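A.B. asks: Here it is: the structure, laid out below.
The values are calculated or read from the model by the stated rules, or taken from the named source; none is laboratory data. Quick caveat, the model's predicted, so the values are computed rather than measured. No Cβ is skipped: glycine too gets one built from the backbone with ideal geometry, and neighbour counts run over all protein chains shown. Just so you know, the surface numbers come from the protein's heavy atoms only, side chains and all, with ligands and any DNA or RNA stripped out. Shrake-Rupley method; radii C 1.70, N 1.55, O 1.52, S 1.80 Å.
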Amino acid sequence: MDLGLTDRTYIVTGATRGLGHATASALVADGANVVITGRTEEAATEAAEKLGPRALGIGADNADPAAAQRLVDAARDRFGGLDGILISVGGPPPGTGTSHTDEQWRDAFESVFLGAVRLARTAAGALGEGGVIGFVLSGSVHEPIPGLALSNGLRPGLAGFAKSLAAELGPKGIRVVGVLPGRIATDRMKQLDEKSGDPEAARARNTASIPLRRYGTPEEYGRTAAFLLSPAASYVTGVMVPVDGGARHGF
């Protein structure tokens, strides 16, 4: 299937590893150009080099107010334009609603919520008809995940923002989608399993609740995200798409 990605250009934040990197890899494999970000210039450049000449790595923090415009400018300068963005940010620290400090809530809000809003708003101003804005969110959009109070508090708000943005930008031909990873075998998921004190038991317990009876791979997630960002999904907007092996039981 031709996804129509050849020579299109996307920004993928938080793409030095994990879900973001898997998505960037899938985009490049289908002929797209990508601007990927990481917390440091070194990490971003190293990850981009592994993807080849269609990738540019830039050190950027989503919480930095100047980062959004810098990334849009880089896409235009290096590849001649911008066709979409996937806004991915590492999950905030695990913890309970009563254990997190005001500072932790502020830091998480700046990076997870406000940074994502700013990136989407800036990208919207640079995109034309056929453009797309994607958000990497979480199953916590629908149901709180125990031990992840920061994510539970912020991700649903971003889903609401994405839905509002889809209605606002739809008449301009710009799509907005959310991608909700379930238990994907990333370093983040390994960290969460280890926090239980018995990672093997935690993984077995979690796997038993997934209809496909396994964790997903980053590559499976990346291919799904790349499809949703592509022209092949040109009539898909305003939705939250789970990539979770059937773990979500609601419609």
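A.B. asks: Picking from Glu49, Glu168, Glu200, which is most flexible by a Gaussian network model of the chain using Cα springs under 10 Å?
C.D. replies: Sorting by GNM fluctuation, first place goes to Glu200.
A.B. asks: Still on this structure, I have one more. Which order do you get for Arg155, Arg188 if you rank them by accessible area with a 1.4 Å probe, largest at the top?
C.D. replies: Most to least solvent-accessible, the answer reads Arg188, Arg155.
A.B. asks: Give the cross-link partners of Lys50 among the lysines, using a straight C-alpha distance below 27 Å as the criterion and excluding same-chain residues fewer than 8 apart.
C.D. replies: Once the sequence-local lysines are set aside, what remains near Lys50 is Lys190.
A.B. asks: A further question on this structure: With only alpha-carbon pairs counted, each pair once and no self-pairs, how large is the Kirkwood hydrodynamic radius of the range 104-251 in angstroms?
C.D. replies: 16.3 Å is the Kirkwood radius here.
A.B. asks: Report the convex hull volume per residue for the range 64-126, counting only C-alpha atoms, in Å³.
C.D. replies: Dividing the Cα hull volume of the range 64-126 by its residue count gives 82 Å³.
A.B. asks: Sticking with this structure for a sec: Using protein chains only and a probe of 1.4 angstrom, how many square angstrom of Ser164 are accessible, to the nearest 10?
C.D. replies: 70 Å²
A.B. asks: Continuing with the same structure: Could you compute how fast the range 1-150 diffuses translationally, taking Rh as the Kirkwood radius over C-alpha pairs and applying Stokes-Einstein at 25 °C with viscosity 0.890 mPa s? Give it in µm² per second.
C.D. replies: Estimated diffusion coefficient is 155 µm²/s.
A.B. asks: For a Förster distance of 22 Å, can you work out the FRET efficiency between the beta-carbons of Lys195 and Thr217, rounded to the nearest 0.05?
C.D. replies: 0.55
A.B. asks: Which value results for Rg/Rh of the range 66-187 when Rg is the Cα radius of gyration and Rh the Kirkwood radius based on the inverse mean 1/r?
C.D. replies: Ratio of gyration radius to Kirkwood radius: 1.00.
A.B. asks: When you count, for each residue, the other Cβ atoms within 10 Å and take the mean per peptide, how do 24-30, 147-153 rank with the highest first?
C.D. replies: 24-30, 147-153
A.B. asks: Still on this structure, please answer the following. Under 5 Å between amide hydrogens, which residues at least 5 positions from Thr9 or on another chain qualify, with H placed 1.01 Å from N in the peptide plane?
C.D. replies: Excluding prolines and chain starts, which carry no amide H, the hits are Asn33, Asp83, Gly84.
A.B. asks: For the Cα atoms of the chain, what angle does the longest principal axis make with the long axis of helix 199-208, in degrees from 0 to 90, nearest 10?
C.D. replies: 80 degrees
A.B. asks: Based on Cα positions only, what radius of gyration and what Dmax would you give for the range 23-99, in angstroms?
C.D. replies: Cα-based Rg and Dmax for the range 23-99 come out at 14.1, 48 Å.
A.B. asks: What is the sum of charges around Ile210, taking Lys and Arg as +1, Asp and Glu as -1, for the other residues whose C-beta is under 9 Å from the C-beta of Ile210?
C.D. replies: Summing Lys and Arg as +1 and Asp and Glu as -1 gives +2.
A.B. asks: Spelling out what I want: for every residue of the range 143-156, take phi, set θ = phi - 60°, compute 6.51 cos²θ - 1.76 cosθ + 1.60 (Karplus), and round to whole Hz; glycine and proline get x.
C.D. replies: Rounded to whole hertz, the list is 8, x, 9, x, x, 10, 4, 4, 5, 4, x, 9, 4, x.
A.B. asks: Let me ask something else about it. For every helix of n ≥ 4 consecutive DSSP H residues, a contribution of -39,500 (n - 2.57) applies; sum these over the chain, divide by its total residues, and give [θ] at 222 nm rounded to the nearest 500 deg cm²/dmol.
C.D. replies: Rounded to the nearest 500, it is -13000 deg cm²/dmol.
A.B. asks: Hey, what angle do you get for helix 67-79 against the long axis of the chain, alpha-carbon based, 0 to 90 degrees rounded to 10?
C.D. replies: It works out to around 50 degrees.
A.B. asks: Quick one: if you take sqrt(5λ) for each eigenvalue of the C-alpha gyration tensor of the chain, what semi-axes come out, biggest first, whole angstrom?
C.D. replies: 27, 20, 19
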